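Participant: A single structure is presented below for examination.
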Amino acid sequence: MPTASDILAMMASGNPEQVRAGKRALAELERTSPDDPMVIAHSCHLAVCEDRSDDAMRWLAKIDASQVDPFFHTLSVLGGLRRVASFLRRAGAERDGGTIAALLGLCHQSIYQRDWTATEPWPLDNSRLSRPVGDHMPRASHDLARRISETGQGMGDATPIAGGEVPWADGTVLFNLVAQLRPRRILEIGFAKGLSTLFMLSAWDGVESHTVVDPLQWSAYRFNGVKNVTAAGHGDKLRLIQLPSSLAMPTLLADGESFDLIFIDGSHCFEHTILEALYADLLAEWHTVVAFHDYHMEPVFAAIEFMRLNRGWAGLVAADVAILRRDRAKPNLQNDYVPFSTARPKT
Ligand SMILES: C[S@@+](CC[C@H](N)C(=O)[O-])C[C@H]1O[C@@H](n2cnc3c(N)ncnc32)[C@H](O)[C@@H]1O
């Protein structure tokens, strides 16, 4: 008879046959060990995934304070923390003030404290990140990208703000990054005229959704980003959120979302960049890669140093793009704080 730990491995395997066997074994454990916190976590997660709200609530109501750690550990391994948090929020937990509200708080606390060490090899061939896009980029996207790059203008009306888009060398890195990583869900902070988006979306057809966050898309950019990305044939993948990152990113987190690739090219002020980095950490799955544009800028450097030393992120710099993933366990408890330099060492 498989134990709850065996079921955990079966459910997390992603193999459909294993998942089916896991579900059968879980039904048996629900009968024999209904108070085991690992069983509760599995059953609650499954109920949330299958939209069985009453069942999910019934399992959640069984958790007592002594079961909190194994319950949230299991949920974390299943990748279900955000999903259950979002379910609790939709169920009105924030206003509840009792145990259900406490579980929502603990879900988010567990997302923050998630502690993992990358076991997969580094996912990129670093030597090919600057490979010229040349013929690999569809002709129409290539021509449009060139036009934006050279004239600061794409398909739409003239914008009050000229320039600011990624230089071609950095766009090339983004193109190769997406071509190699093949992310399904991309989050981009700072959209402007959509040049970086064009590089990313023309690298691989399998992107399912590309969320862009920019409070100035209408006012300063006259919807040029949307027009350009739509003209290149990617409009159906685009979701525009016209809010500053400091509001949009916590909302995405509260809604239970996560991303495979996050690209940050927003205001570049330290206070925004560090918030964007911290929320990227919370919106990341174990395989997620986070890229920052303008690594040469001091505030960007400082925010990345914090993430490197205090949140276990590591990676490399290609052109002016820093590419990182969480690769070391880092609980980030108060006593582990590592002072970080906010100034780039002089060479
Ligand atoms: C350097 S541009 C982005 C260029 C774009 N990535 C490209 O290469 O085409 C910076 C963008 O960040 C946006 N921005 C400024 N403050 C922001 C904030 N707090 N949150 C999100 N975006 C912000 C600006 O409106 C601007 O469009």
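The values are calculated or read from the model by the stated rules, or taken from the named source; none is laboratory data. Keep in mind that what you see is a predicted model, and the values were worked out from it rather than measured. When we count neighbours, we look across all protein chains shown, and the Cβ atoms used for this are built from the backbone with ideal geometry, even at glycine.
Participant: Those residues that are buried (at least 19 other Cβ atoms within 10 Å of the Cβ) and under 13 Å from VAL212 (Cα atoms), I need them from the stretch 242-275; list them, please.
Facilitator: Hits for the stretch 242-275 are SER245, ALA248, MET249, LEU252, PHE259, LEU261, ILE262, PHE263, ILE264, ASP265, GLY266.
Participant: Restrict the check to the stretch 40-50 and report whether at least one residue is under 27 Å from the mean Cα position of the chain (by Cα) and over 17 Å from PHE71 (Cα atoms).
Facilitator: Yes; the residues of the stretch 40-50 include at least one that is under 27 Å from the mean Cα position of the chain (by Cα) and over 17 Å from PHE71 (Cα atoms).
Participant: Criterion first (in the same structural domain as ASP157 (by TED's automatic domain parsing) and within 18 Å of ALA140 (Cα to Cα)) does ALA231 satisfy it?
Facilitator: In short, yes.
Participant: Right, here's the next one. Run VAL289 past the list (1) touching a Leu at 6+ places or on another chain (Cβ under 9 Å); (2) within 11 Å of the ligand (Cβ to nearest atom) and report the number of the one that doesn't hold.
Facilitator: Going through (1) touching a Leu at 6+ places or on another chain (Cβ under 9 Å); (2) within 11 Å of the ligand (Cβ to nearest atom) one by one, VAL289 breaks only (2).
Participant: On to the next question. For a quick check of your reading of the model, give me the residue pairs whose first member lies in the stretch 256-282 and is within 22 Å of PRO167 (Cα to Cα) and of a type in the set (Val, Ile, Thr), whose second is within 12 Å of the ligand (Cβ to nearest atom) and in a helix (DSSP H, G or I), with beta-carbon atoms closer than 6 Å and at least 6 apart or on different chains.
Facilitator: That search, which allows pairs on different chains as well, returns ILE264/GLU276; THR273/VAL300.
Participant: Another question about this same structure. Using beta carbons and a limit of 7 Å, which pairs, at least six apart or on different chains, have the first residue in the stretch 229-250 and under 19 Å from LEU195 (Cα atoms) and without any contact (Cβ under 8 Å) to a residue 40 or more places away in the chain and the second one in a helix (DSSP H, G or I) and more than 14 Å from the ligand (Cβ to nearest atom)?
Facilitator: So the pair list comes out as VAL229/GLY235.
Participant: When you look at PRO167, is it within 8 Å of the ligand (Cβ to nearest atom), farther than 24 Å from ARG89 by Cα and in the same structural domain as SER149 (by TED's automatic domain parsing), yes or no?
Facilitator: no
Participant: Please state which of the following conditions TRP218 fails to meet, knowing it meets all the rest: (1) within 14 Å of the ligand (Cβ to nearest atom); (2) surrounded by fewer than 18 Cβ atoms within 10 Å (Cβ to Cβ); (3) outside any helix (DSSP H, G or I); (4) modelled with pLDDT of 95 or more.
Facilitator: (4)
Participant: OK, next. Just give me the residues in the stretch 180-200 being near the ligand (Cβ under 8 Å from one of its atoms) and assigned to a loop (DSSP other than H, G, I, E, B), in sequence order.
Facilitator: Matches in the stretch 180-200: GLY190, PHE191, ALA192, LYS193, GLY194.
Participant: Within the group THR117, THR159, THR172, which residue is assigned to a loop (DSSP other than H, G, I, E, B), in contact (Cβ under 8 Å) with a residue 12 or more places away in the chain and within 21 Å of LEU324 (Cα to Cα)?
Facilitator: Within the list THR117, THR159, THR172, the selection yields THR117.
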